[in-house]
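The values are calculated or read from the model by the stated rules, or taken from the named source; none is laboratory data. Because the structure is a prediction, the values reported are computed rather than measured. For neighbour counting, all protein chains shown are included, and Cβ atoms are generated from backbone atoms with ideal geometry for every residue, glycine included. For accessibility, only protein heavy atoms count, side chains too; no ligands or nucleic acids. Shrake-Rupley method; radii C 1.70, N 1.55, O 1.52, S 1.80 Å.
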Amino acid sequence: MKRIDTYPARPFVKWVGGKTQLLDDIKKTLPHDLSQCDGVTYVEPFIGGGAVLFWILQEYPNITKAIINDVNAELICTYRVIKSDVENLIIELNRLQAEYLPLDEVARKEYYLSQRTRFNDEENSDVETAALFIFLNRTCFNGLYRVNSKGKFNVPHGRYANPKICDEETLRADSAVLQRVEILCGDFAQTGKYAGNNVLYYFDPPYRPLTETSAFTSYSKDGFDDAEQKRLRDFCDRIAKKHSFFVASNSDPQNVNNDDDFFDHLYKMFSIKRVFASRMINSKGNGRGAISEIMISNIANAY
Ligand SMILES: C[S@@+](CC[C@H](N)C(=O)[O-])C[C@H]1O[C@@H](n2cnc3c(N)ncnc32)[C@H](O)[C@@H]1O
């Protein structure tokens, strides 16, 4: 008899600000009766690595529909390929893995740079773009995604002894979960049309930098400054008035300046809670350890 192994769906890339460590806190913030509600729609306008999406869709089977969005076109292309063409993606990733892993350090770096050029400068099919996106994420320095002023991915090669470039089980599990997900690419505001009863939004926008140097806002060539944070607050206001629930997380500026009440002021009409998380991705290696994050919501039972 053949055993059927089941693998959990989880992020297929490392992503700055990944929320795996905050899932317990996010769960406590959600409506306590969420699992009893029929036909819930989940919307995640800043999807990134999708840690919350993959967790929530497995935890709550009553979420029958989900909408995800991100401004990063290559990331969204990868989600779409995983949803609709995962077997061809696996073939392409296995090919890249088989070419890369046997090389020595110098040759691996050269191979990485040639694939980075291919990703940036050549016409690739969607499957090739998705495979290159995952390959570069698994082999680049710290799993960062950073582009230069021309929008070209420019992260240097990383040093991992045996990186798992093709994680077939995770990709297939993710593909199964993504069958109930509509995938959009663009500004978060385009998800406003889904607001209404029985709709839950989770926002994880680019962090407001904690220090001048930890400027991890460059996920794409468009920055996310304080004016953007205010635009997001106005958006939360609008979807809350249409009876949607929302949870939003961000870095707590009070980690570095006790008097910085930017978010407390911005979201004063909603609930704000501080929780502790460890920041794992930091290009300078400092800034790790437990620091507080803020969780904002309009959910009455939150605390
Ligand atoms: C903090 S990350 C999300 C992390 C994610 N929750 C996770 O668990 O990995 C923020 C995301 O917002 C995206 N982004 C930045 N500006 C945006 C905008 N105006 N509209 C939509 N997405 C945006 C970035 O490309 C990035 O993927």
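Brief remarks follow.
- The set of residues from region 1-34 being closer than 16 Å to S297 by Cβ, surrounded by fewer than 19 Cβ atoms within 10 Å (Cβ to Cβ) and not aliphatic (A, V, I, L, M) comprises D24, D25, K27, K28, P31, H32, D33.
- Within region 58-71, the set of residues being surrounded by 20 or more Cβ atoms within 10 Å (Cβ to Cβ) and either over 22 Å from P206 (Cβ atoms) or not β-branched (V, I, T) (or both) comprises I63, A66, N69, D70.
- In region 35-57, residue nearest to A189 (Cα to Cα) [restricted to those that are more than 7 Å from the ligand (Cβ to nearest atom) and open to solvent by 10 Å² or more (accessible area, probe 1.4 Å)]: T41
- Qualifying residue in region 88-101 (condition: within 21 Å of the chain's Cα centre (by Cα) and more than 28 Å from Y160 (Cβ to Cβ)): no
- Residue in region 165-178 that is open to solvent by less than 20 Å² (accessible area, probe 1.4 Å), within 30 Å of N257 (Cβ to Cβ) and at pLDDT 95 or above present: no
- Verdict on K14 being in contact with an Asp or Glu (Cβ under 8 Å, 6 or more places away or on another chain) and within 11 Å of the ligand (Cβ to nearest atom): no
- Every residue from region 191-203 that is assigned to a loop (DSSP other than H, G, I, E, B) and open to solvent by less than 30 Å² (accessible area, probe 1.4 Å): A195, G196
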